[in-house]
Each structure stands twice: as C-alpha cells, then as structure tokens.
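Structure first, then comments.
The values are calculated or read from the model by the stated rules, or taken from the named source; none is laboratory data. Remember, predicted model here, so these are calculated numbers, not experimental data. Note that each Cβ is placed from the backbone with ideal geometry, even for glycine, and that neighbours are counted across all protein chains shown. Side chains included, ligands, DNA and RNA excluded: accessible areas come from the protein's heavy atoms. Shrake-Rupley method; radii C 1.70, N 1.55, O 1.52, S 1.80 Å.
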2 protein chains.
Amino acid sequence: MSIIVLGTVALDSVKTPFGKREYMLGGSAVHFAMSARLFTNVNLVAIVGKDFPQKYIDFLHKKGIILTSLIRTEGKTFKWKGQYQGDLNTALTLSTELGVLSAFKPTVSNEQRKIKHIFLANVDPDIQSHLLSHMRSPHLVGLDSMNYWIKHKRQALIRLLKKVNIYVANEQEARDLSQESNLIKAAQRLRSFGPPMILIKKGEHGVILYSDKFLFSLPAYPTDKVIDPTGAGDTFAGGFMGYLTRVKRIDPSSLKKAVVYGTIAASFNVEDFGLDKTSRLKIKHLEKRLADFKKFVLF
Amino acid sequence: MSIIVLGTVALDSVKTPFGKREYMLGGSAVHFAMSARLFTNVNLVAIVGKDFPQKYIDFLHKKGIILTSLIRTEGKTFKWKGQYQGDLNTALTLSTELGVLSAFKPTVSNEQRKIKHIFLANVDPDIQSHLLSHMRSPHLVGLDSMNYWIKHKRQALIRLLKKVNIYVANEQEARDLSQESNLIKAAQRLRSFGPPMILIKKGEHGVILYSDKFLFSLPAYPTDKVIDPTGAGDTFAGGFMGYLTRVKRIDPSSLKKAVVYGTIAASFNVEDFGLDKTSRLKIKHLEKRLADFKKFVLF
C-alpha cells in the first residue's frame, strides 16, 4: 500500500525564542511525507520553482519519498516566514510569497491515480479538488486546510468536505469553520458538512477524534522541549494517515492507534527546527517513545 | 478517614449564554465539599454573614457535610458575580463583595485539628496559613489559589507552598506564578517552590499531574453540554482529594485514579448551574461515567 500527498513544498524562515533559520525545507506536504514515510510509500504531489535547491530534492529522494509528481518550473518557490513567541502555540506569519504555487495544477501519473489513500494537505481548496477529481478510486481521503481558505474560499472548502473521509483541523480552524466554540459541538457541526471523521488538533493539549461511532481524546506527549512547532500538525497527519495505510484497517482500534502514532511523530517534530528531528526518525524511535507515552496517559 | 476543607462559602450570581442565576450557594469550599463528600466525611471551615439563608445551611447539613467550623457572624456573606461568554472557558468577574471574609480567622475543634488530609481551597493565603498552623499532623495537604493572590500576596503564597504536598493551579495561574509559558516547565518551576506534586487544570483540555516520580496527562470528559463551569476546578479537587482520602494511599496508581475521579466529578459540575448537578450525584453516577470515559481516552 502507498499514500499520495498533495500540498506545499516551501522554503521556511522561522524565528523562535530558541533561534532562527532561513530558507529551510518545509511545507505541508514535506512535513506530512517525512512522518508518513515511516509507515508506507509516500508519493508527493507539489510544485517548486527554479530557485529550489537541488540538495533538497536529493534529500527528499534519499528519504524514500517518491518525487515523480513534484513539478519544478520557472518562477520562485513558495516561501513562508514566521515567528513564535511565548508558549509557541501560535505562529505569527510575517510574510508569504506564493510564487509558483499561484498557478499550480497538480498532475499525477496513471500509476499514482490508482492510489487509494490520499491526503490533501493545506493548499488552495481548488487545487485540492483538482487533484481529487483525477484520482480513480479514493478509499481514504484526508483533508487539511487553514484559516485563510476558511475565510476566502469557504464555499469551495465546504464542497470539498463532502468528498473526504477525514477532516483535520486545528482548534481555531474548527471553531471558525463550524461557528461553534465548544469543540465537541464544533466537531458535530463539521461532521454535518460531510466527513465521517473529524480530527481536531489542539497543539500542546492533544487531539480529539470525532466520528459517529466513537469519540477519542488524547493528550499531547508532555514535553518541555518545544523549539519550533512548524509542521507539527502535518507531521501528526502523516503519522496518522501513514499508520492507517500500513495496517489497511479503519476500525476504531486502528484509528485510535493512528492518533497515538501521529501524536508521537509530532512530539519529535517540535523538538528541533524544521525537519531536523523527523528526518532522522526511525520507527524504533516512535516505538520507544510510545512506551513512555503509555505511562503518561494510561491509568 | 475524613478531610477538612478551608475556603469560601459564597452567594454566586452567574450569567452564561444559557441563562442566569442570582445568589446561588457557591464558593470554593462548597464546590469542593459537594464532590469530596462522595468519598469521605468532609469538614467545612468557612465563614458566612447573617444574611446567609438558613435553607443553605440545612442543605449542606443534609448532604452530610460537617458544619462544626462554619462560622455565622455579623455582616454580609461573600458574594461573587460573574459572566461567561463564547467557549465558557474563562469567567469574567463583574463584582466581588468580601463581606465577612475580610476579617476571617478560621478556628477548628480539637477533634478536627487531628484530621490528616487538608485542602486549602481558594481564599487569602494568610487565612490558609493560619488554618494550617493549627493542624496537628498534616499528612496530605492540597492548596489552591487564584490570580489575585498570585499578584497581591505572592510572597505569602510562596511561603505557604513549602508546607503543602499538592499545589492545584489552573493553566493561567501556573504560568503566572512560575513565569514559564510551557506547562511542563511551569510545573517543574512550581515544584522547585516546594510542593512534591503539581496539578495543572486546563479546563476543557484536561489535567496534568506532575511529580518527581511520574507525569500523568488526562483529557477532560468530552461534553457538548457546558452550562455553567463555576466551581469545576473545586469540584475536581474535591474528587481528587476525596478519592485519596478514601483509599488512604498516595502511590502513582492511586494518584492517577484520583485525577480520573476528579475529572469525572467536574464533568457533572459544568452541566448545570451551581450545585444543581453535583448535589444530586451518587458514587454510582461517577462509576457509570467512568466506564464511558475509559472508551474515550484509553487505547
């Protein structure tokens, strides 16, 4: 089994109380892939500009990520510049340069069109729809978005929600899109938009998975080492979807374990800048931390 | 075994999106007692004014709460008026009338001085210290406070922290007193002030219990029915301390279960105004909800 992820490949410049980095490899699809690769083959669908460093292509290739549908075209790579302060829970976006992303039409190979597990990481909902319409037999489709699209492309996003199985949102996005402040009510409302499963990511407070059949609430891995949370949500989603792709089941027990693996993967992501930690991860590191995590959360 | 709780007995006026109530029975010691009584005998140490309705005294008495050290004196009962909006996570205090609380010197009977489990619910730290100094053989002492005392009586509070086993704080109080924004770092810093155990209450996001020996993180009971959260933290503390008093053990497994029972008790508190729900609770209701809760949080 393999998975296909559509999203951004970005050059991230980040400042946190612990230092700063410029033009690191980042983006929603990259963070997702770096985590999902621990469980399954990952096909990346994205676009970069001519300025995108060859070393990053080589790096992704070495990590086993399938780059057949990574377009490299005239123009500039998508760039994000952000800053974290205080409890590092919220990113302050300083600047965004869309570059080649603004004219992105994703294309996939005939082989890739047959892939059944699909993750539409954060990018314009029209681009997400475009890709999904080209997939032949979607079986498990996850969708992430962001406040910008909730505000500016609400209808496109709502239409897309009818076609996906899992909607992944952070706390604020869930509240904004549902117009409900209680998170359980928010999940119920989001469920009424279409997706049978709603995953609400609460950062340091963990995750809620809501479905008609069951509810699951899991705290985050407790850590005092938060260096750079950029991509933590995508890393979570990569672990979650990657695990489900590996086990080929979507029953409650597998879904719970998928949330747990996503949580563990995300806990590594925040411990260093960009992909510094997740790119070195092996499944054995997840397993070891999972054993600790059980002591923290089970009773 | 029994427990003694010092704190406020108040007349609460509350407005939430679901309605409003005036001069309800409330206060930190009352909410604590209403939950702790499910597990153990509860001795209440507090003060009220001549305006305090006899029906409330009768009500507390009927609930089995020991009122020997509830002083009724000339003057007005402590009154709190507050409002909740949006996600109901934060109370907006509209007014506070200290009344008889401003000259409160708690006294306890000789019998009560021998009680080993003590909870110092939110009240002036000088009053908390005064009571604690009169207790003969404190074995397990829990302490709660609030932002007002952290700001205005920081030194008194820090001195008191050296004498307690468990400090119970909400997220903001933990951050304010520790001056750390990461909650695990905040807990470590608070631990350095003295208490071997730190309990951080995160409202809808659950609880973290930090100690030198172990860490435990538990989500809240997921609910879409939050009517009035006033007293939820005290109800949590009552369940937590009450359970420990009942089982007479403070090993990690008992502490985890105490956090679970506190969480379940608090989940009932928020479902109606004031004590409307918790005053009707029986241990069997906690047990039933605990069975549901396990499905929500265990994997």
Using θ = phi - 60° and the Karplus relation 6.51 cos²θ - 1.76 cosθ + 1.60, list the HN-Hα couplings for the range A:233-246 in order, rounded to whole Hz, with x at every Gly or Pro.
x, 6, 5, 4, 4, x, x, 4, 5, x, 4, 4, 5, 5
Wrap a convex hull around the Cα atoms of the range A:219-299, take a quarter of its surface area, and give that in square nanometres.
5.2 nm²
Three-way shape call for the protein assembly as shown based on the alpha-carbon gyration tensor, with the a/c threshold at 1.5
prolate
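Which whole-number percent is the relative contact order of the range A:186-299 (Cα, under 8 Å, 6+ apart)?
Working: 148 pairs, mean separation 24.7, N = 114.
Normalised by residue count, the contact order of the range A:186-299 is 22 percent.
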GNM top mover of A:Lys79, A:Lys284, A:Lys202 - chain A, alpha-carbon springs below 10 Å:
A:Lys284
Pick out which of A:Val100, A:Val247, A:Val226 has the largest mean-square fluctuation in a Gaussian network model of chain A, springs linking Cα atoms closer than 10 Å.
A:Val247
Taking every eigenvalue of the Cα gyration tensor of the range B:149-299, multiplying by 5 and rooting it, what semi-axes result, largest first, whole Å?
26, 17, 15
Given a 1.4 Å probe and no ligands, DNA or RNA in the count, how much accessible surface is buried by B and A, both sides, to the nearest 100 Å²?
2900 Å²
If a/c stays under 1.5 just call it rounded; otherwise compare a/b with b/c (prolate if a/b is bigger, oblate if not). Do that for the range A:7-93, with a ≥ b ≥ c from the square roots of the Cα gyration tensor eigenvalues.
oblate
Pull up all non-local amide H partners of B:Arg72: gap of 5 or more, or a different chain, and H-to-H distance under 5 Å with H placed in the peptide plane.
B:Val48
As an exercise, take the mean of 1/r over every pair of distinct alpha carbons in chain B, invert it, and state the Kirkwood radius in angstroms.
18.9 Å
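In whole percent, how big is the carbon plus sulfur part of the accessible area of the protein assembly as shown, probe 1.4 Å, protein atoms only?
Values: 12040 of 24070 Å².
That fraction is 50 percent.
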Convert each backbone phi in the range A:160-165 into a coupling constant with the Karplus relation 6.51 cos²θ - 1.76 cosθ + 1.60 (shift: θ = phi - 60°), then list the ³J(HN,Hα) values in order as whole Hz, x for Gly and Pro.
5, 4, 5, 9, 10, 8
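Would you mind calculating the gained length between A:Met1 and A:Glu74 on full extension (0.36 nm times residue separation, minus the Cα-Cα distance), in nm to one decimal?
On the way: separation 73, 0.36 × 73 = 26.28 nm, distance 3.34 nm.
The A:Met1-A:Glu74 span can extend by a further 22.9 nm.
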Given Cβ point charges of +1 (Lys, Arg) and -1 (Asp, Glu) and nothing else, what value in debye, to the nearest 20, does the dipole of the range B:65-216 about its Cα centre take?
500 debye
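Of the listed pairs A:Lys79/A:Lys116; B:Lys213/B:Lys288; A:Lys294/B:Lys256; A:Lys116/B:Lys295; A:Lys20/A:Lys277, which have alpha-carbon separations greater than 20 Å here? Let's see the in-between values first.
Numbers: A:Lys79/A:Lys116 30 Å; B:Lys213/B:Lys288 30 Å; A:Lys294/B:Lys256 13 Å; A:Lys116/B:Lys295 30 Å; A:Lys20/A:Lys277 16 Å.
Correct reply: A:Lys79/A:Lys116; B:Lys213/B:Lys288; A:Lys116/B:Lys295.
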For chain B, what does the accessible surface come to per residue with a 1.4 Å probe? Please give it in Å².
40 Å²
Two-decimal Rg/Rh of the range A:50-120 from alpha-carbon positions, Kirkwood Rh?
1.05
How big is the range B:85-197 along each principal axis, measuring the range of its Cα positions in Å and listing the largest first?
46, 34, 25
Taking chain B as a Gaussian network, where each spring joins two C-alpha atoms under 10 Å apart, which residue of B:Thr278, B:Thr16, B:Thr230 fluctuates the most?
B:Thr16
Net charge near A:Asn147 (other residues with Cβ under 13 Å of its Cβ; Lys, Arg +1; Asp, Glu -1) is 0
Name the residues of the range A:200-218, by number, that are at least 40 Å² less accessible with every protein chain in place than in the isolated chain; the surface is that of heavy atoms, probe 1.4 Å, without ligands or nucleic acids.
A:Glu204, A:His205, A:Leu215, A:Ser217
A correct Karplus calculation of ³J(HN,Hα) over the range B:291-299, with 6.51 cos²θ - 1.76 cosθ + 1.60, θ = phi - 60°, whole Hz and x for Gly and Pro, returns 4, 5, 4, 4, 5, 6, 10, 8, 9
Just the ratio, please: alpha-carbon radius of gyration of the range B:1-56 over 2.2 N^0.38 Å, N its number of residues.
1.26
Quick one: with label points 7 Å out along Cα→Cβ, list the inter-copy distances for A:Lys162 in nm, shortest first?
6.8
